[in-house]
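Notes to accompany the following structure.
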Amino acid sequence: MSEALKHIRVLDLTNVLAGPFCCHQMALMGADVIKVETPGTGDLARQLGADADLNGRLMGLSFLAQNAGKRSITVNLKSAKGKALFLKLVETADAVVENFRPGVMDKLGLGFEVLRRHQPRLVYCAISGFGQDGPFKGLPAYDQIVQGMSGVMSITGDPDTAPYRVGYPIADTIGGMTAAFALTAELCNASRSEARFIDVSMLESVIATMGWVVSNYLNAAHTPAPMGNDNFTASPSGTFRSGDGLLNIAANKQEQFEALCKAVGKPGLIEDSRFSTRQARLQNRAALKALLEDALSARSAEDWWPMLAEQGIPAGPVYGIDKILAHPQVRGRGMIGRFAQVPGVGRDVEIVRSGFKVDGRAPSVQEPPPVLGQDTDELLVQLGYTSDDIIAMKNEGVV
């Protein structure tokens, strides 16, 4: 399973989340991912996370989340010798991934046109907030900014509280996943005979995932609105109060609606003209929700959801991160990986893997997230540098 990209070498020049997440997906599939970092500081994510001590050691929990399975080399790309070293690395690589603002690599003298001369079949992937052209291309972009500009925040929350940001960096993550897909597809393109430049826009990546609401706007002039936990396409579909706790129900089909009415002891709702058809239920969503919540008040959410699910009615609890990560549905499928006594951390570290299996096996990596520059000497030797060369480069701040 983890051997799928075993012949691919990726140079990861990225920071924080979108780019590192992309390259972590590549590592999970067996690619040799070399993280090229700034001497002394490295990826900014090394200083981010809930454990201040680890932040000070440049092994922040945010860094640990998406850098397992990579090797780390420190290179000063602003120095002439550092550029020459990097170009040697490029000659050994299949792909380069960076998430600087558009134009930064060109200013360093290491843009696509330069790199392709050193590796004619290179796949170069540039991840940015808004893409390599357009009026926004030079703007700084973090997840929060992209969430707001993409329209996601405008439809997140309820009418009284929106806009809200999604509670984790969804734009960064979607941008990284988009990049991993595009990069892998091009690397697998048997007809490719020359270098390729992949331009990934986080903004467009997020909009691409909003297909339903975008289609309704483009083709029916329907402007989406924040609806809290309700599903805009169906009713009853959303979050409901029970006798104890919240319960998610998605009775989107007619037969599911009818089964739900019977299960909660309200069979009369099936023939009620306010609710008998899909469109009628959408128009009378609030009234239907009030009647169902009255019936659901007889039991707790933990009692209701297994009963409903057994009858073919999509239903589930609202779990916190702690509960779902401990659940055998996640633990038992091998999604959580553990590394023992990670160097630089001094204790075991757990990370999430990918969300799929192949032939029953979840993709995984063998090595934990690297200490800053831990593989520098080894890689320099492989590139042909002598011990004296390496000592001199360290003294000059090249590595």
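The values are calculated or read from the model by the stated rules, or taken from the named source; none is laboratory data. Source: prediction; values computed, not measured. For neighbour counting, all protein chains shown are included, and Cβ atoms are generated from backbone atoms with ideal geometry for every residue, glycine included.
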Q) If you scan region 10-51, which residues turn out to be assigned to a loop (DSSP other than H, G, I, E, B) and of a type in the set (Gly, Ala, Ser)? A) 30, 31, 40, 42, 49, 50
Q.
So if I check each of 186, 194, which one is under 30 Å from residue 112 (Cβ atoms), in contact with a Lys or Arg (Cβ under 8 Å, 6 or more places away or on another chain) and part of a loop (DSSP other than H, G, I, E, B)?
A. 194
Q) Among the strands (runs of 3 or more DSSP E) confined wholly to region 52-138, which include 2 or more residues that are of a type in the set (S, T, N, Q)? A) 70-74
Q) Does region 98-122 hold any residues that are within 21 Å of the chain's Cα centre (by Cα) and not aromatic (Phe, Trp, Tyr), and which are they? A) 98, 99, 101
Q.
Where the second residue is outside any helix (DSSP H, G or I) and the first is aromatic (Phe, Trp, Tyr) and lies in region 269-290, which pairs have Cβ atoms under 8 Å and are six or more apart or on separate chains?
A. 275/284
Q: State whether the residues of region 140-147 include one that is closer than 22 Å to residue 112 by Cα, surrounded by 15 or more Cβ atoms within 10 Å (Cβ to Cβ) and within 20 Å of the chain's Cα centre (by Cα).
A: yes
Q | Restricting region 214-258 to residues that are at pLDDT below 95 and β-branched (Val, Ile, Thr), the residue that is farthest from residue 303 (Cα to Cα) | A | 223
Q: Inspect all residues belonging to region 281-290 and state whether any of them is under 15 Å from residue 254 (Cβ atoms), of a type in the set (A, V, I, L, M), under 33 Å from the mean Cα position of the chain (by Cα) and assigned to a loop (DSSP other than H, G, I, E, B).
A: no
Q | Any hit, region 259-276, residues being modelled with pLDDT of 95 or more, more than 30 Å from residue 173 (Cβ to Cβ), in a helix (DSSP H, G or I) and among the aromatic types (Phe, Trp, Tyr) | A | no
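Could you list all residues from region 220-242 that are assigned to a loop (DSSP other than H, G, I, E, B), exposed (fewer than 14 other Cβ atoms within 10 Å of the Cβ) and small (Gly, Ala, Ser)? Outline the logic, then answer.
Going through region 220-242, the residues assigned to a loop (DSSP other than H, G, I, E, B) turn out to be 221-236, 242.
Checking which are exposed (fewer than 14 other Cβ atoms within 10 Å of the Cβ) leaves us with 221-223, 225, 229, 233.
Those that are assigned to a loop (DSSP other than H, G, I, E, B), exposed (fewer than 14 other Cβ atoms within 10 Å of the Cβ) and small (Gly, Ala, Ser): 221, 225.
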